[in-house]
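Structure record follows, encoded as structure tokens.
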Amino acid sequence: MVRYFRAILLTSSLFLLTLVWPVAAQAVTPATFSADASYTFGQSMVFTLTADEIDPSALTEAVLFFRSEGTARTFTAELVPGAADNWPLTHQVDLTNVRLPPFANVEYWWQVTLADGTMLELPPQSVAYSDDQFEWRILTQQDITAHWVGDDLALGQLALDIVAESLPRLRQLLPVPEPVEFDLYLYPTSADLRAALRLTGRDWVGAHAHPELGVLLVTAVNVRTAAADLRQSIPHEMAHLLLYQATAPHYDQIPQWFNEGLATYMEASPNPNYELLLAEAVNGRTTIPLTELCATFPSREEQTLLAYAQSVSVVRYVQAQYGNQGIRSLVSAFADGADCHTGVQRALGLTLEELNRDWLRSLEPRSPLVQLWQESGLWLLLLISGFLLTGLLLWLPRQ
């Protein structure tokens, strides 16, 4: 009887094993799949999903998810595996429609559905979307890396020196973390930089910061003017980066006039045309009210330049009237999420309209007599006092 029972048990086990083995052999896990991504910069990105050692008919659907670093939007694409000759699965993204910021990491992952309804999600992977049209040279100083094109090592060192020069002034007005970390790319021509900026929806801008990525894009076209150009662009973009770090997640709510005004104020070589544009606008009473420069700047280039000129002038006025603490108070207010009007009221104790009025009054043309008094009032008082004292001394002996 015992032998008979053992025979039945062994036969049953072998029968069950023959049923389970094919299923186990066809078990599908995330490790069964492999994913990859490649791109042609500015044109397309191709995502590929490969299934190893399984029957493609075991899959009914595959969904691709991808998003760029620093953005909240996730793109999706649904693919149907179909026949075996459709493998590997590929999905091509047109980068002229889906704009990815240069030098961002693109995270992607797949979700597959099996014939029995089981859903598997593959572990996320990432691809660095760098501008590989150039052979970038690299020079690192502490935690800052300069990338440039060409054989001139001095250009990379110049950029790092300007970063070091700019930090003390930036520390006066902005919280500066330790260490300061970012990548600085020096494009060889303005056209090359403009082409890269166009991918992010910008065109005429001469430089750009991706503060959420820790990347600054500038250009140094002419060797003879490189130092002056970089002393203008590098501190400007560094200010955007540090302001982002000080105010995130409310950076996008910062008034445009303060964001660009502060960045322009930091430039060691400011644009000389700004003062002329501003003087003409003040004399012609055609300045743009600050209330209209909270969210965006005008789209017309001439008006945009005037907006920059006004913004840096307002920031300079605030610094002169309220000191560095006035600027820091504005940064603190905007970091707490205050809007354009509330931030000014909280930091400076006056409305945005009052700030606009007081700033304009400080720019009004002065009469020659008033200008003489303001510039030489002390000397005039001393001269008049001297005449009075001399007259008094001449008059006393006669008495």
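The values are calculated or read from the model by the stated rules, or taken from the named source; none is laboratory data. On a predicted model such as this, the values are computed, not experimentally measured, just so you know. Neighbour counts are summed over all protein chains in view; Cβ atoms, including those assigned to glycine, are modelled from backbone coordinates with ideal geometry.
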Is one or more of the residues making up segment 237-249 surrounded by fewer than 23 Cβ atoms within 10 Å (Cβ to Cβ), among the small types (Gly, Ala, Ser) and under 15 Å from the mean Cα position of the chain (by Cα)? yes
Quick one: count up the residues across segment 327-348 that are touching a Pro at 6+ places or on another chain (Cβ under 9 Å) and of a type in the set (Asp, Glu). 1
Does LEU139 fit the bill of being in the same structural domain as TYR39 (by TED's automatic domain parsing) and of a type outside the set (S, T, N, Q)? no
From GLU181, GLU165, grab the single residue that is charged (D, E, K, R) and touching a strand residue (DSSP E or B) at 6+ places or on another chain (Cβ under 9 Å). GLU181
When every residue in segment 132-157 that is crowded, with 16+ Cβ neighbours inside 10 Å and touching a helix residue (DSSP H, G or I) at 6+ places or on another chain (Cβ under 6 Å) is compared, the one farthest from LEU216 (Cα to Cα) is LEU139
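Each row is one residue, and each column tells you yes or no for (1) touching a Leu at 6+ places or on another chain (Cβ under 9 Å); (2) in a helix (DSSP H, G or I); (3) at positive phi.
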{"position": "GLU178", "(1), (2), (3)": "no, no, no"}
{"position": "LEU186", "(1), (2), (3)": "yes, no, no"}
{"position": "ALA195", "(1), (2), (3)": "no, yes, no"}
{"position": "VAL223", "(1), (2), (3)": "yes, no, no"}
{"position": "ASP229", "(1), (2), (3)": "no, yes, no"}
{"position": "SER233", "(1), (2), (3)": "yes, yes, no"}
{"position": "LEU242", "(1), (2), (3)": "yes, yes, no"}
{"position": "ALA246", "(1), (2), (3)": "yes, yes, no"}
{"position": "PRO249", "(1), (2), (3)": "no, no, no"}
Please enumerate the residues belonging to segment 100-131 that are surrounded by 13 or more Cβ atoms within 10 Å (Cβ to Cβ) and assigned to a loop (DSSP other than H, G, I, E, B). LEU100, PRO101, PRO102, PHE103, LEU122, PRO124, SER130, ASP131
Would you tally the residues in segment 313-324 being within 25 Å of the chain's Cα centre (by Cα) and over 18 Å from ASN283 (Cα atoms)? 5
Take the conditions modelled with pLDDT of 95 or more and outside any helix (DSSP H, G or I) and apply them to THR200. Does it pass? no
Looking at segment 54-89, which of its residues are of a type in the set (Val, Ile, Thr), modelled with pLDDT of 90 or more and surrounded by 15 or more Cβ atoms within 10 Å (Cβ to Cβ)? VAL63
Considering only segment 170-199, state which residues are exposed (fewer than 15 other Cβ atoms within 10 Å of the Cβ) and within 26 Å of ARG316 (Cα to Cα). ARG171, GLN172, PRO177
